[in-house]
1. Summing -39500 (n - 2.57) over the DSSP H runs of n ≥ 4 in the chain and dividing by its residue number, what mean residue ellipticity at 222 nm do you reach, to the nearest 500 deg cm²/dmol?
2. Tell me, in nm to one decimal, what length is gained between S64 and S260 on full extension, where the rule is 0.36 nm per residue of separation less the Cα-Cα distance?
3. Rolling a 1.4 angstrom probe over the protein chains, ignoring ligands and nucleic acids, what is the accessible area of M281 in square angstrom, nearest 10?
4. Return, for the Cα atoms of the chain, the radius of gyration and Dmax in Å, separated by a comma.
5. Based only on Cα atoms, what mean projected area does the convex hull of the range 445-505 have, in nm²?
6. Determine which aspartates and glutamates satisfy two conditions relative to K80: a Cα distance under 19 Å, and not lying fewer than 8 residues away in the same chain.
7. Working with all protein chains in place, sort H147, H506 by solvent-accessible area computed with a 1.4 Å probe, largest first.
8. Quick one: ranking I434, I469 by accessible area, 1.4 Å probe, largest first, what do you get?
Amino acid sequence: MKRAVIGTVAILFLTLLFALFSHYINPGSSQSPGPLHSDTADNEGKDVPESFVTLKVIMPGDQSSRMGDFVENELNDRLKKDLNMNLELTYIPWSNYQQKLELALSTGEDYDLFWYGAPFVSVYYSKGYIQPLDELLGQYGQDLVKHIPEDNFKQNWIDGKLWAIPSQAFTSAGKFSSVMVRQDLLEKVGMTDVETIADLEQFYQRMHAIDPSYYGYLETDRGHELLWRELTDRNYSSLDERMLFMVDEDSGELLSYVESDLYKKVAHLRESWVNKGIIDMNLVGNPAAKIDQENAGKLLFRVGAVSRAMENLQTARNADPEARLREYYLAKEKPKYITTPSNEAFMITSASKNPERAMMFMNWILQSKENYNFIIYGVEGKDYVLDNGKIKQLTNDQLMYEWMWRNKDYFIAPANVEDDVIEDMLANDENSRISKLSGFHFNEAPVKNEIAQVMAVYKEKFEPINFGIASYDQYYDDALAALKKAGFDIVFAELKKQFSEFQRQH
């Protein structure tokens, strides 16, 4: 009798335990906890799926010869074994990546996965090009959650759902507000560092006097925040890459950049740079030509990105083995702001036929240091070796872009990069501040027609002023009037309304 009672109690106890913990061991349950605080995705993502699929991925740039060979052989052999899938990469040149990507997305082509910068997540969400990832991350993304901070995921939440994987987990303060220079050439003309706009002008003038084949150049589609650091005593951050709006980090006020005195200062400066030859007319508005000149080692400076001096070094040394790169901040006493903890975003398309496998693939990259090194650097002994704890690449061919997946848990410094450059990068976020824009997404749906009209006018009338090839004094009033007529004030009012609501909730 006693044995039967004990057995009954044991059964009841086990039943109670199962009831209490089934919530956590069934990741497919609609009641499963949120993906960022969950241990539910135990080994599901590690089990090899039964069906074989081809995962179609869009990437920017040009596929190198070794990357094509690597994908077709070593990488796909490994992916067949681990995930029962084949990777099919479609590369689109940087110069027209956005245009061709949007064409593929808008026509519903059956690509599964693509990369873009974080500011585009809300744009593609508004257009219906991408799908929510919460359930997929909960089931198949346990290693992504383990190695990417929760704040990075939060930046891609819109209306309570996750719309992109923030693949990079590294330093990010002040991104695109520094300047990267050819340090070896800077020293060649008797200079040691860059602290001011005047230093950049002097660098160009001295180098141009020695060899006129070198270009100054600072991107005209970016770089405004770099110049803001010196041209105003306020702390501003740009809403996005379209350069229409900015936030005052001190007051929290959202402002119209194109109507500001600061815009006038930037336009006048760029116009003077065109006149001085620092911005070359052959490069303005021609991304392909700019890339060609950089690949040829002819650009003296460009917009930095926290780690660009490390990322671009091999390209510079392909053209000049003695090349060295370094990034500097103007007005370095001013604070740096973190607008997006990760500027890199991988999104799964609405038309994807294999969303589960897409998430498994992204998770696989961070599943182990072996996988991470493999997809980024290739085969050890063939594509790279470890040299005193640093990566020494044995081929100049680019594999998967390291910066897209750079992770604090797995990062290895390149052997050919000076220690002080690495130290600058690793210390970049010290004493940084969180931007008032962090986590804010502008839902353009209520003003999508006005946005389209505004951007058409902006491209036609404002970009030439941005580039410095159209005089601000001569053309600005007409450009602004056309922008207003296109619905700029309606867009700005909607933006301010949404931002005010965002501020109330945070």
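The values are calculated or read from the model by the stated rules, or taken from the named source; none is laboratory data. Nothing here was measured: the structure is a model prediction, and the numbers come from that model. Neighbour counts run over all protein chains shown; Cβ positions are idealised from the backbone, glycine included. Heads up: the accessible areas ignore ligands, DNA and RNA and are worked out on the full protein's heavy atoms, side chains in. Shrake-Rupley method; radii C 1.70, N 1.55, O 1.52, S 1.80 Å.
1. -12000 deg cm²/dmol
2. Here the segment from S64 to S260 would lengthen by 66.2 nm.
3. About 120 Å², ignoring ligands and nucleic acids.
4. 25.0, 103
5. 4.8
6. Result set, ordered by chain and number: E44, D47, E50, D69, E72, E88, D112, E356, E370.
7. My answer, sorted largest first, is H506, H147.
8. Descending accessible area places them as I434, I469.
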